[in-house]
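> Attaching a single structure in structure tokens format; questions to follow.
The values are calculated or read from the model by the stated rules, or taken from the named source; none is laboratory data. All figures in this text were calculated on a predicted structure; none of them were measured in a lab. Glycine gets a Cβ as well: all are built from the backbone with ideal geometry, and neighbour counts include every protein chain shown. Note: areas computed on protein heavy atoms with side chains; ligands, DNA, RNA excluded. Shrake-Rupley method; radii C 1.70, N 1.55, O 1.52, S 1.80 Å.
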Amino acid sequence: AKSSTECLTPLHRGYNRTNAVLSVRSTWHVLTMAFILLQGCDAVNHYEVLNVPQDAEPAAIKKAYREAALRWHPDKHSGGEAQRQAAKKFELANEAHSVLSDPLSRRRYDLELARGDTKFPADATGRGRARGMPTPRTIRVEVECSLEALGGWDQVELRMYSLPPSVFYLPPGSQHGDELRLSFARYGIEALLTLREQPHPRFRRRGHDLHTVAYCHPLRAWLRAGLTAPTICGQRARVREPFTTIAGGTSVRVRGFGMPQLGSGETPWTSRRGDMLVEVRMR
């Protein structure tokens, strides 16, 4: 069986080649946020710094960064205090762009927001929570999630009351019944989400493993032409190699193509994964 890395797109395969660069990005991001917190400032939100929604396209983020950089460049401001403020906003815009312009860094940051990390207080629309605001009231919401969303491959869209819709990723490996807290601080609301797994037309989940069925034509079996099956992340995995016997009614374990294990990685592509059990049927 092939390894789970064969399920990656070219973009995700590039993660391994740029791991050192991403580590530097992540370290710089953490150090910058730690510096802001130690200085006693309000925690910033990268989306708010660039004045874009959390589901903004990369082109919109790039355009917003250019506008912010031109507006707050220190050379365009004279005077002690005005220049210091401009330099501070220019630095925040650079940091926001460095995180949001990279797909993996942005995904990691979105997960921090979705988990309700108190070090990065923000609502799901990408707006920060100001100091001195009253404690928000908590409401409970059930969210229907596909297997792809629970695995971290698909986004979840939350629509609640008159609030703007929120789009975010779940921690890879989330399960039915898990609870997730989101803060809509500017609206005085904190949502406690309960995840509900929707039935999947192709896969059944058993722990970290996925069960599915692959149909094989008798002629293919006679020719021993090999057999593949679709995976949860949209690719195909090899169930039987060419020139090997394909028998109906057998089950094949394809390792590394199941659901991510919660907490084992920041993305579904870097997480440890269960297996995919494929039942072969003749048709």
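> Going by average Cβ density within 10 Å per residue, which order do the peptides 249-255, 261-267, 272-278, 209-215 take, highest to lowest?
Descending packing order for the listed peptides: 272-278, 209-215, 261-267, 249-255.
> For E81 paired with H217, estimate the spin-label separation in nm (one decimal), with each label point 7 Å from Cα along the Cα-to-Cβ line.
So the label points at E81 and H217 sit 7.9 nm apart.
> May I pose another question? Tell me, what is the per residue accessible area of the stretch 177-271 in Å², probe radius 1.4 Å?
Here the per-residue accessible area is 52 Å².
> On to the next question. For the stretch 144-283, what Kirkwood radius comes out of the mean inverse Cα-Cα distance, in Å?
16.8 Å
> Accessible area of the stretch 239-281 with a 1.4 Å probe: how many percent of it is carbon plus sulfur?
48 percent
> State the answer as a single residue: which of P242, A214, S271 lies farthest towards the positive end of the charge dipole of the stretch 165-283, with beta carbon charges of +1 for Lys and Arg and -1 for Asp and Glu, about the Cα centre.
Value: P242.
> I would also like to ask the following. Tell me, what is the Rg over Rh of the stretch 174-255, with Rh the Kirkwood radius over Cα pairs?
Ratio of gyration radius to Kirkwood radius for the stretch 174-255: 1.24.
> Additional query: Can you figure out the FRET efficiency of H200 with A69, using R₀ = 41 Å and their beta-carbon distance, to the nearest 0.05?
With R0 = 41 Å, the Cβ-Cβ based efficiency is 0.35.
> Would you tally the net charge around T138, using a Cβ to Cβ cut-off of less than 9 Å, leaving T138 out, and scoring K and R as +1, D and E as -1?
Charge balance near T138 sits at +2.
> Just to make sure I understand: if all protein chains stay in place, what is the order of H217, H208, H97 by accessible area at 1.4 Å, largest first?
If we order H217, H208, H97 from most to least accessible, we get H217, H208, H97.
> Step through the residues of the stretch 232-246 one at a time and calculate ³J(HN,Hα) from phi using the Karplus curve (6.51 cos²θ - 1.76 cosθ + 1.60, θ = phi - 60°), rounding each to whole Hz and writing x for Gly and Pro.
Here the 3J(HN,Hα) series is 5, 9, x, 9, 10, 10, 6, 8, 9, 6, x, 6, 10, 6, 10 Hz.
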